[in-house]
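Step one of this worksheet: look at the structure below.
No value in this document is a laboratory result; all are computed from the given coordinates. Treat the numbers as computed from the prediction; the structure is a model and nothing was measured. Here the Cβ positions follow ideal geometry from the backbone for every residue, glycine too, while neighbour counts run over all protein chains shown.
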Amino acid sequence: MSKNDEEIEFDKAAKLLATRQWHARRPKSAGTLAGKVITRHGVAAVQSTNEMETAWHTIAAQWKPVTNVGPLRRGKLEIIVANSMVNQQLTFEKKKLIDAMNKQLKTQTIQELTFRVGQVT
């Protein structure tokens, strides 16, 4: 059974219409836009840095005068220490400090601590 001329014309028109259809993008949600603005202006980074500094000074209170919290990159938190003796002592306690920091922090997970000798303010 073959299609009649009307059905063939209808199929051609449907294919032509399908190739000419234009789909508009969906509008972005307010949450997505707000997140991008917060990230662009660095508000989230400041909040997370403050949270990490508070957690570090709570956990390692005895080391507060000789340490500073550095950046967190890919789960690796850098701690700046005043001298190599502090570096060595904190290296011995590294596993315990990581566990305590992860219990204290709500938003980030620290996989590794690195200690670097530098200027402590």
Around ASN4: net Lys/Arg minus Asp/Glu count, Cβ-Cβ under 15 Å: -3
Relative packing of peptides 26-33, 106-113, 81-88 - highest average C-beta neighbours within 10 Å first: 81-88, 106-113, 26-33
Please list, in order along the stretch 74-87, the HN-Hα scalar couplings obtained from phi with the Karplus expression 6.51 cos²θ - 1.76 cosθ + 1.60 (θ = phi - 60°), rounded to whole Hz, x for Gly and Pro. 6, x, 10, 9, 9, 10, 8, 10, 6, 8, 6, 5, 5, 4
Under a 10 Å cutoff between Cα atoms, tell me which one of LYS103, LYS36, LYS15 has the largest fluctuation in the Gaussian network model of the chain. LYS15
If the chain between ASP5 and SER48 were fully stretched, how many nm would it gain, using 0.36 nm times the residue separation less the Cα-Cα distance? 8.6 nm
Taking only the alpha-carbon atoms of the chain, the convex hull volume per residue, in cubic angstrom, is 207 Å³
Using only the Cα atoms of the stretch 52-121, each taken as one equal point scatterer with no solvent, compute I(q) by the Debye sum, divide by I(0), and report log10 of the ratio at q = 0.15, 0.24, 0.27 Å⁻¹. -0.40, -1.10, -1.42
Lysine pairs with alpha-carbon atoms under 15 Å apart, the chain, spacing 8 or more or separate chains: 6
Can you tell me the relative contact order of the stretch 45-117? Whole percent, Cα pairs under 8 Å, sequence separation 6 or more. 35 percent
